[in-house]
Amino acid sequence: MVRSISILGCTGSIGRQTAAVAQHTGIRVAALTANRKIDLLEQQARQFHPSFVAVYDEEAAKAFKIAVADTDIRVGSGMSGLIEAATLAESDCVVTAVSGSVGLKPTLAAIDAKKRIALANKETLVCAGDMVMARARERGAEIVPVDSEHSAIFQCLMGRKEGELHKILLTGSGGPFRGRRRESLEDITPAQAVAHPNWSMGAKISVDSSTLMNKGLEFVEAMHLFAVTPDDIQVVIHPQSVIHSMVELVDGTVIAQLGVPDMGLPIQLALTYPERKASMFEHLDFWKLRDLSFEEPDLENFPCLRLAMDCARKGGTAPCVMSAANEVAVHKFLRGELGYNRIYDAAAGAVEAIAWEKADSLETILASDEAARAYVRENF
């Protein structure tokens, strides 16, 4: 169990839940970072009394520094501030809850500092999975997944020997539009897309869940986290979100991890592993469960998942380009600037338009990321 943490992205959904878990378990919050929500950030800073706070937006950082001038909190800004929070000597663990590729550099810095990484930032592994996992092995840094699905797989594989795994069964609810045809989704509004049937999440990840792009990003992540190929992963739609994922072993045994759909549970495990602590969350009541059902994913009407699986097989910068393009497209959709079905068009168009390269350097990855963003901004 860790003693103190840095929370990167503390004002988002995962960041807020991490702060609550830290308070419940008695873990010290040593550093906080946010983008520009300084009102909430100030509340958190005064509640947890961290040594250091970083605000990514430079202007917001100036305002925040004035707001907490009566405290002894050190304030940083920009990418250098995020990296300082990620490498703070007094933090045992870095919770990477920022959204987007902005999380990549701080995560690599935390790995170099041999911190435990409680990984909640999908783009880190989607964009640079080979590099990140290789760096973690070289430095001896521990990566514990926070995503409910990857946490489930992680738990199912505890104590398993190398060679026992046959297949990962990656589950997903299917989102709020499961069963609908693509043409019927043309006029979907942001309010409809963020209304996930089971999980309470931020706006961007909720939209990704509705398009099944989130499951596609998780598909790529799982490849890197568990050192498997795309053929070793099967996506299973499970509408009830009670089974968070499963593994099939070589003898045909299937091990599943079940629990209530609350992100606090995998967050807590990432902080207390290898120990387990009593939690403040509801326990699963089997007498109230009516059924557990399973379906094949609908790749025709939700093509973002198919695109992600294709990019996983292409490798190189393809997943990075797809993820970056999707991120810009989703934010355009949330602002009312892009139709719902055009999110896929933007991501697929970027993968087609941006030249494929080997993802063998941070510079190449970041250049591909920016090229994809520019493509969507200019063409959609």
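Please treat every number below as a calculation from the coordinates, not as lab data. If you're wondering where the values come from, they're calculated on a predicted model, not measured in any experiment. No Cβ is skipped: glycine too gets one built from the backbone with ideal geometry, and neighbour counts run over all protein chains shown.
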Requested in this report: May I ask for the net charge around ALA346, where only other residues with Cβ less than 12 Å from the Cβ of ALA346 are counted and Lys, Arg are +1 while Asp, Glu are -1?
Outcome: -1
Query raised in the report: Out of VAL94, VAL250, VAL351, any idea which swings most in a Gaussian network model of the chain, alpha carbons joined below 10 Å?
Result: VAL250
Query raised in the report: In deg cm²/dmol, rounded to 500, what helix-only [θ] at 222 nm does the chain give when every DSSP H run of at least 4 residues adds -39500 (n - 2.57) and the total is split over its residues?
Result: -14000 deg cm²/dmol
Report summary line: Under a Gaussian network model of the chain whose springs join Cα atoms within less than 10 Å, the largest fluctuation of SER210, SER99, SER361 belongs to SER361
Report task. Could you tell me, in Å, what Rg and Dmax come out for the Cα atoms of the stretch 4-145? Result -> 13.9, 44
Query raised in the report: Can you give me the Cα centroid spacing of the stretch 170-213 and the stretch 1-73 in angstrom?
Result: 30 Å
Report summary line: The summed charge of the ASP369 Cβ neighbourhood (under 10 Å; Lys/Arg +1, Asp/Glu -1) stands at -2
Query raised in the report: Of all DSSP beta bridges in the chain, what percent run antiparallel (nearest 5)?
Result: 25 percent
Query raised in the report: If we sort 341-348, 57-64, 280-287, 370-377 on the protection proxy, mean other Cβ atoms within 10 Å, highest first, what's the order?
Result: 341-348, 370-377, 57-64, 280-287
**Report entry** Cα convex hull of the stretch 272-375, projected area averaged across orientations, nm²
**Finding:** 11.4 nm²
Requested in this report: Against the globular-protein guess of 2.2 N^0.38 Å, express the Cα radius of gyration of the stretch 315-380 as a ratio, rounded to two decimals.
Outcome: 1.05
Query - Under-5 Å amide H pairs with SER77, H placed in peptide plane, nonlocal only - result: VAL55
Report task. Given the options GLY315, GLY163, GLY336, state which has the largest fluctuation in a GNM of the chain using a 10 Å cut-off (strictly under) for Cα springs. Result -> GLY163
Query raised in the report: Can you tell me the Rg and the Dmax, both Å, for the Cα atoms in the stretch 63-156?
Result: 14.5, 48
Requested in this report: Could you pull out the pairs from LYS114/LYS204; LYS161/LYS215; LYS62/LYS114; LYS167/LYS277; LYS204/LYS332; LYS105/LYS358 whose alpha carbons sit more than 22 Å apart here?
Outcome: LYS114/LYS204; LYS161/LYS215; LYS62/LYS114; LYS167/LYS277
Report task. Name the cysteines of the chain that stand alone by the Cβ rule: no other cysteine Cβ under 4.7 angstrom. Result -> CYS10, CYS93, CYS156, CYS304, CYS311
**Report entry** Segment GLU363-ASP72, length gained on full extension (0.36 nm per residue, minus Cα span)
**Finding:** 101.1 nm
Report task. Sticking with the crude label model, points 7 Å out along Cα→Cβ, report the distance from ASP285 to VAL228 in nm, one decimal please. Result -> 3.3 nm
Query raised in the report: So which trypsin sites (Lys or Arg not before Pro) in the stretch 269-310 pass both tests, a DSSP loop state and at most 12 other Cβ atoms within 10 Å of the Cβ?
Result: ARG276, ARG290
